[in-house]
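Quick notes on the structure that follows.
The values are calculated or read from the model by the stated rules, or taken from the named source; none is laboratory data. Computed from a predicted structure; not experimentally measured. Reconstructed Cβ throughout: ideal geometry from the backbone, glycine too, with neighbour counts over all protein chains shown. With ligands, DNA and RNA removed, areas are computed over all heavy atoms of the protein, side chains included. Shrake-Rupley method; radii C 1.70, N 1.55, O 1.52, S 1.80 Å.
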Amino acid sequence: MKSIEIKGSLRNNLGKKHTKALRAKGEVPCIIYGGEQIVHFSASANELRHILYTHDVFLVKLSIEGKQYQAILHDSQFHPVTDQVLHLDFIEVSDSKPAVVSLPVEITGNSVGIRAGGKLRQRRRYLKVKGLLKDLPEALTIKIDDLNIGDFIKVEDLNFENLELLDPPRAMIIGIATSRLSKGMEIGEVAEEEDEEGTKEADETAAAKEEEKKEESAEA
């Protein structure tokens, strides 16, 4: 799992006026919970952007006035109009205790279904897993080489070493759907077969008529 170091400052005043002043200075109010005690702090919005505007999940090593914390971003709040970061929630984690994290899904391979004209449908871009920090990868890699049109992969079909998948077992993650192109190919194949059958039937009919003419000429 990727990691990043961020420095923060303790918040002693949690009032709205103080919070507003923090944001005006480019600081973001934050909170850490899940450990021995809840910690209120603030950090630079410029530093925090590295963990906000990305699909990656980071182990955040927080340094807050001489004390160190390991945490994972749990929730973020943005202003509905300006998109300014308003507040961040972190969950404290440790090396010895399993953590629950939503990791991004990474698709690899060249599906036979896609090569046949199918279209990739991805229902879940993140999966919730439980495991020790040392076992958490940057992403959950899923190979799709053998997926054909109409095939799909569910949570219950996956297995990652030392990780427990927490999403519903029958939840679909990836599937190969029929596209217009694949439908066109199927129709084209059927039409081609029908043309071949029609030509064969026409040849057989012409041969039969020719044979009838020969028989009629012989009788005459």
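Starting at the first residue of segment 162-167, write each ³J(HN,Hα) from the Karplus equation 6.51 cos²θ - 1.76 cosθ + 1.60 with θ = phi - 60°, in whole Hz, x for Gly and Pro.
Couplings: 6, 10, 9, 7, 9, 6 Hz.
Provide Lys130, Lys154 ordered by accessible surface of protein heavy atoms (probe 1.4 Å), highest first.
From most exposed to least exposed: Lys130, Lys154.
At 7 Å along Cα-to-Cβ for each site, give me the label-to-label distance between Ser102 and Ala24 in nm.
Roughly 3.4 nm, to one decimal.
State the extension gain, in nm to one decimal, for the chain segment bounded by Leu10 and Gln77, taking 0.36 nm per residue of separation less the distance between their alpha-carbons.
22.2 nm
Do the alpha carbons of any pairs in Lys25/Lys97; Lys17/Lys128; Lys20/Lys134; Lys67/Lys97; Lys67/Lys130 sit beyond 28 Å of each other, and which pairs?
Long pairs (Cα-Cα over 28 Å): Lys25/Lys97; Lys17/Lys128; Lys20/Lys134.
Test of the criteria: in segment 50-148, which chymotrypsin sites (Phe, Trp or Tyr not before Pro) are in a DSSP loop and have at most 15 other Cβ atoms within 10 angstrom of their Cβ? Can you show the working numbers first?
Working: sites: Tyr53, Phe58, Tyr69, Phe78, Phe90, Tyr126; in loops: Tyr53.
Of the chymotrypsin sites (Phe, Trp or Tyr not before Pro), the ones in loops of segment 50-148 whose Cβ has at most 15 other Cβ atoms within 10 Å are Tyr53.
Amide H neighbours of His87 under 5 Å, counting only residues 5+ apart in sequence or on other chains, H built in-plane at 1.01 Å?
The list, which skips near neighbours in sequence, is Gln77.
For Lys2 and Asn110, compute 0.36 nm times the residue count separating them, minus their Cα-Cα distance, and round to one decimal in nm. Display every interim value, and only then the final one.
Numbers: separation 108, 0.36 × 108 = 38.88 nm, distance 2.68 nm.
Taking 0.36 nm per residue and subtracting the Cα distance, the gain is 36.2 nm.
Amide H of Glu106: which non-local residues (sequence gap of 5 or more, or other chain) have their own amide H closer than 5 Å, using H built in the peptide plane?
The list, which skips near neighbours in sequence, is Leu140, Thr141, Ile142.
Residues with amide H under 5 Å of Arg11's amide H, sequence separation 5 or more or different chain, H placed in the peptide plane at 1.01 Å from N; which?
Result for Arg11 returns His40, Phe41, Ser42.
Starting from the exponent 0.38 and prefactor 2.2 Å, build the expected Rg for segment 1-90 from its residue count and divide its actual Cα Rg by it.
Numbers: Rg = 12.5 Å, N = 90, 2.2 N^0.38 = 12.2 Å.
That works out to 1.03 for segment 1-90.
Please give the solvent-accessible surface of Ile91 in Å², to the nearest 10, using a probe radius of 1.4 Å with every protein chain present.
50
What do you reckon, how do Arg170, Arg124 stack up by accessible area (1.4 Å probe), largest on top?
In descending accessible area the options line up as Arg170, Arg124.
Which ³J(HN,Hα) values in Hz, rounded to whole numbers, follow from the phi angles of segment 124-137 under the Karplus curve 6.51 cos²θ - 1.76 cosθ + 1.60, where θ = phi - 60° and Gly and Pro get x?
10, 9, 9, 10, 8, 10, 10, x, 6, 4, 5, 9, 7, x
Using the Karplus curve 6.51 cos²θ - 1.76 cosθ + 1.60 with θ = phi - 60°, what ³J(HN,Hα) values do you get for each residue of segment 44-60, in whole Hz, with x for Gly and Pro?
Taking θ as phi minus 60°, the curve returns 5, 4, 5, 6, 6, 4, 5, 9, 9, 9, 7, 8, 6, 10, 10, 7, 9 Hz for segment 44-60.
Using C-alpha positions alone, give me the convex hull volume of segment 104-180 per residue in cubic angstrom.
Given the Cα convex hull of segment 104-180, per-residue volume reads 80 Å³.
Which residues in segment 10-37 have a backbone N closer than 11 Å to a point placed 7 Å from the Cα of Asp89 along the Cα-to-Cβ line?
What the label zone holds, given the 11 Å backbone N cut-off, is 31-34.
Could you put Ser96, Ser3, Ser111, Ser44 in order of accessible surface area, largest first, with the 1.4 Å probe and the full protein assembly present? Each step should come with its number before you reach the end.
Numbers: Ser96 105, Ser3 65, Ser111 0, Ser44 30 Å².
Highest to lowest solvent-accessible surface, that is Ser96, Ser3, Ser44, Ser111.
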